[in-house]
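Asks: The structure's right below; bear with me while I get my questions together.
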Amino acid sequence: MAKGKGGTVQTVEALVAPVLESLGMRLWDVRFEKEGPDWFLRIYIDRDEPLDLEACEAATRAINPVIDEADPIDQSYYMEVGSPGLGRRLTKDMHFEAMKGRKIAAHLYRANEAGERDIAGILKEKDGTRVVIVREDGTETAVEEKEASYFKLCDDEDLF
């Protein structure tokens with residue numbers, strides 16, 4: 001297995017995706033991040049029914065021996081397995097596909113022609129690098145991926 005930061009995320013994705021599928025879950029994202037002096041391997045999981053602590057524990061128990069066996073990371077790190085949570089970021093094509101028909105928000109690096117930096121609405125589709133959002137008034141807005149600092153799910157609005 002290739003070691004090092006560059007290929008760590010891809011290596012871990014390849015290792016854990018089949019394990020999660022066998023548990024009826026899917027891999028949402030993997031991040032290998034440094035915080036202060038420590039490294040964290042964060043594995044975000046999802047499934048059709050709500051995730052609970054028992055599901056995260058089962059995933060951790062199944063993933064741990066696979067990662068230990070492959071040993072894809074040279075330095076010490078802490079592994080965390082959990083839900084991507086409310087307001088999860090959409091970063092991959094599979095995220096956009098899974099969230100079609102749901103309300104999302106995009107935050108633009110620079111204001112568009114209408115002076116907007118934040119756009120929200122229903123995700124219609126992702127066509128190549130364009131994300132099409134249907135606003136409340138029914139108009140469609142296409143946002144290029146490179147023009148937005150993030151796209152995220154807006155499933156937490158009713159909580160506040």
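Asks: With only Lys, Arg, Asp and Glu charged, each at its Cβ (+1 for the first two, -1 for the last two), find how big the charge dipole of the stretch 1-89 is about the Cα centre; round to the nearest 20 debye.
Replies: Dipole magnitude for the stretch 1-89 comes out near 340 debye.
Asks: So for the chain: antiparallel DSSP bridges make up what percent, rounded to the nearest 5?
Replies: Around 85 percent antiparallel, to the nearest 5.
Asks: Residue by residue, what Karplus-based ³J(HN,Hα) values in Hz, rounded to whole numbers, does the stretch 7-22 have, using 6.51, -1.76 and 1.60 with θ = phi - 60° and x for Gly and Pro?
Replies: So the J values, rounded to whole Hz, are x, 4, 4, 5, 5, 5, 4, 5, 6, 8, 4, x, 5, 5, 4, 5.
Asks: Among 150, 132, 114, which residue has its Cα positioned farthest towards the positive end of the charge dipole of the stretch 79-154, with +1 placed on the Cβ of Lys and Arg, -1 on the Cβ of Asp and Glu, and the dipole taken about the Cα centre?
Replies: Ranked along the dipole, the leading option is 150.
Asks: Applying the Karplus parametrisation 6.51 cos²θ - 1.76 cosθ + 1.60 with θ = phi - 60° to the phi angles of the stretch 108-125, what ³J(HN,Hα) value in whole Hz is obtained for each residue in order, glycine and proline being reported as x?
Replies: Working through the residues one at a time gives 8, 5, 10, 4, 7, 4, 8, x, 8, 10, 10, 10, 9, x, 8, 6, 8, 5 Hz.
Asks: Given a 1.4 angstrom probe, what's the average accessible area per residue across the stretch 62-115, in square angstrom?
Replies: Roughly 59 Å² per residue, with all protein chains present.
Asks: Student exercise: in the stretch 1-154, how many lysine pairs 8 or more apart or on different chains have Cα atoms under 27 Å apart?
Replies: Number of lysine pairs found: 27.
Asks: List every residue whose amide H lies under 5 Å from the amide H of residue 131, counting only residues 5 or more places away in sequence or on a different chain, with H placed 1.01 Å from N in the peptide plane.
Replies: Hits under the 5 Å cutoff: 143, 144, 145.
Asks: Leaving out ligands, DNA and RNA, and with a 1.4 Å probe, what % of the accessible surface on the stretch 1-70 is carbon or sulfur?
Replies: Its accessible area is 51 percent carbon and sulfur atoms.
Asks: What does the charge dipole of the stretch 41-136 about its Cα centre add up to, to the nearest 20 debye, if the Cβ of each Lys and Arg holds +1 and the Cβ of each Asp and Glu holds -1?
Replies: Computed charge dipole of the stretch 41-136: roughly 660 debye.
Asks: Hey, can you grab everything whose amide H is under 5 Å from the amide H of residue 121? Only 5+ residues off in sequence or another chain; H modelled, so Pro and N-termini drop out.
Replies: Answer set, sorted by chain and number: 104.
Asks: Related question: Calculate how steeply helix 53-70 sits against the longest principal axis of the alpha-carbon atoms of the chain, using the helix alpha-carbon long axis, and give the answer as 0 to 90 degrees to the nearest 10.
Replies: That works out to roughly 60 degrees.
Asks: Which of 113, 144, 33 moves the most in a Gaussian network model of the chain with Cα springs under 10 Å?
Replies: With Cα springs under 10 Å in the chain, the top fluctuation among 113, 144, 33 is at 113.
Asks: Short version: ³J(HN,Hα) in whole Hz for each residue of the stretch 33-39, in order, from phi by Karplus 6.51 cos²θ - 1.76 cosθ + 1.60 (θ = phi - 60°), x for Gly and Pro, what are they?
Replies: 10, 9, 10, x, x, 9, 9
Asks: Can you give me the long-range amide H partners of residue 28? Hydrogens built in the peptide plane at 1.01 Å from N, cutoff under 5 Å, separation of 5 or more residues or another chain.
Replies: 44, 45, 46
The values are calculated or read from the model by the stated rules, or taken from the named source; none is laboratory data. This one's a predicted model, so the numbers in the text were calculated from it and none came from an experiment. Ideal geometry is used to build each Cβ from the backbone, glycine not excepted, and the neighbour counts take in all protein chains shown. Note: areas computed on protein heavy atoms with side chains; ligands, DNA, RNA excluded. Shrake-Rupley method; radii C 1.70, N 1.55, O 1.52, S 1.80 Å.
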